[in-house]
Amino acid sequence: MGEPLRVALAGLGTVGGGVVRLLGTNRELIARRAGRPIEVVAVSARDRTKDRGFDLDRFAWHDDTAALTRIDGVDAVVELVGGADGPALTLARGTLAAGRHLVTANKAMLAHHGLELAASAERAGRALKFEAAVAGGVPVIKGLREGAAANAILRVYGILNGTCNFILSAMEATGRDFADVLAEAQARGFAESDPSFDIDGIDAAHKLSILASIAFGTRPAFGSVEAHGIRQVLAADIAEAAALGHRIRLLGVAEESAQGLFQRVHPHLVPLDHPLAHVAGSTNAVVAEGNFVGRLLFQGAGAGDGPTASAVVADLIDIARGEWGLPYAMPAAALTEARPVDSGARRARAYLRFAVADRVGVLAEIAAAMRDAGVSIASLTQREAAADGTVLVAIVTHEGPERSVAAALERLRGSQSLAGQPLWMPILA
């Protein structure tokens, strides 16, 4: 058995602690599979006095995270600090500049600086590995980069944020509204005290930009991802979707065409016969459609110490074996500039929900706006008035360009008949 792979670990939170415990618990199995032991020799975190459930004395402690890049004998650095910039980016740059391998779970940093870091890794002849950055313990990065490498990927999409999927699943199971379920998720530790990053779709957008880059050979383009969250989804929308034979899921969708690259995070109505409709709780799931392999489904735990640590250690095993390849499946210089697609040209069926005043002429006003914008209505449902006197109107459109739906909603902007902002959701085809 070869010499140990010596690892410096930055960040001893949930995932960092999981990495230490996993390397200890499965030490012999990991060494056999890697062909050499994998040993954490140095660590850095914010609070040295915190009880993490394991002995810190066996590791060299460094208060300065950047110091991990300067330790003699370290082969790889694991970055679990988080954040697109700041100490995480300083550590990542320093690690590769020092000729060490880098493993990270930092989707925000990769979404903003992935191209730069990939080029640095290639120049240094070292690994940049980030399986844990998307879908936790689900090996979707390796699946796209290696397993589906011979395929032209037509579309990649899926459930990329466990917090949102937990909330939508709980709303579905209990009939409660968004705010109530979010409060419970926060109390149980499933959602942050400030959940904006998750529920507004930013976290999923970071992950989608990484997947799109690998799938389509484009430079990471987080700035062109349209991100919409789930704040507007009501229990009534969940019920209406069920009546239509669908479930609501927050999906990240990326698709390449002759016109360019489309990337969007948005709640969708998903048909019950699609596997994503049955993904519940905090589970993540990604679908990739290849021109020869067909539909691939990657599904599993998208967060937590065990699954995410599993992905981090799997990357370390690859490095120990000398198997790491190119970060984005092709040289950084070969990645093309992603040209954003005008989403208005996309054709789809849509679900529209309005809260309206309970009075004569409201439905006619909505129907006229749809007609004038060229939107064809497939079905219209009106529910009984709520306690505040408003009525919910749900419309399903025939397939048509999204810009027509947007034009119809614009025509209704400022209408005295509407109570609150309408909700629009595409229907997954």
Inset, instruction - Mind ranking 291-301, 202-212, 398-408, 152-162 by how tightly packed they are, going by the mean number of other C-beta atoms within 10 angstrom, highest first? - result: 202-212, 152-162, 398-408, 291-301
Legend entry - Förster radius 25 Å - calculated FRET efficiency between residue 337 and residue 232 (Cβ-Cβ, nearest 0.05): 0.15
Inset, instruction - Starting from the Cα gyration tensor of the range 6-145, take the square roots of the eigenvalues, sort them a ≥ b ≥ c, and report rounded, prolate or oblate (rounded when a/c is under 1.5, otherwise prolate if a/b is larger than b/c, else oblate). - result: rounded
Inset, instruction - State, as an integer percentage, the relative contact order of the chain based on alpha-carbon contacts under 8 Å between residues 6 or more apart. - result: 17
Legend entry - Mean shadow area of the range 93-228, taken as a quarter of the surface of its Cα convex hull (nm²): 9.7
Legend entry - Percentage relative contact order, the range 140-301, counting C-alpha pairs under 8 Å, at least six apart: 34
Inset, instruction - Averaged over every viewing direction, what's the projected area of the C-alpha convex hull for the range 343-389? Give it in nm², one decimal, please. - result: 4.2
Legend entry - the chain, helix-only ellipticity at 222 nm - DSSP H runs n ≥ 4, -39,500 (n - 2.57), divided by all residues, nearest 500: -10000 deg cm²/dmol
Inset, instruction - With just the Cα atoms of the range 140-301, tell me how far they stretch along each of the three principal axes, in Å, largest first. - result: 45, 32, 29
Legend entry - Contact order normalised by residue count of the range 256-368, Cα under 8 Å, 6+ apart, percent: 27
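Over all alpha-carbon pairs in the range 345-426, figure out the percentage whose distance exceeds 14 Å.
58
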Inset, instruction - Calculate how large, on average over all directions, the projected area of the Cα convex hull of the range 136-204 is; give the answer in nm² to one decimal. - result: 6.0
Legend entry - Helical segments meeting 15 Å axial Cα length and Kyte-Doolittle -1.0 threshold in the chain (DSSP H): 14-25, 86-97, 107-124, 162-174, 202-216, 305-321, 362-373, 402-412
Legend entry - For the chain, size of Cβ-based charge dipole, Lys and Arg +1, Asp and Glu -1, in debye: 700
Inset, instruction - Calculate the tail of P(r) for the range 218-296: the fraction of all Cα-Cα distances greater than 15 Å, expressed in %. - result: 66
Legend entry - Cα-based shape type of the range 278-429, given that a ≥ b ≥ c are square roots of the gyration tensor eigenvalues and the cut on a/c is 1.5: prolate
Inset, instruction - Let me know the Kirkwood hydrodynamic radius for the range 289-359, please, with Cα pairs as the basis and the value in Å to one decimal. - result: 18.2
Inset, instruction - Give the total of Lys-Lys pairs in the chain with Cα-Cα distances below 21 Å; include a pair only if its members are 8 or more places apart or on different chains. - result: 6
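Bear in mind these aren't lab numbers, they're just calculated from the coordinates by the rules spelled out. Since the structure is predicted, the reported quantities are computational estimates derived from the model, not experimental observations. Please note: Cβ atoms are built from the backbone with ideal geometry, for glycine as well, and neighbour counts cover all protein chains shown.
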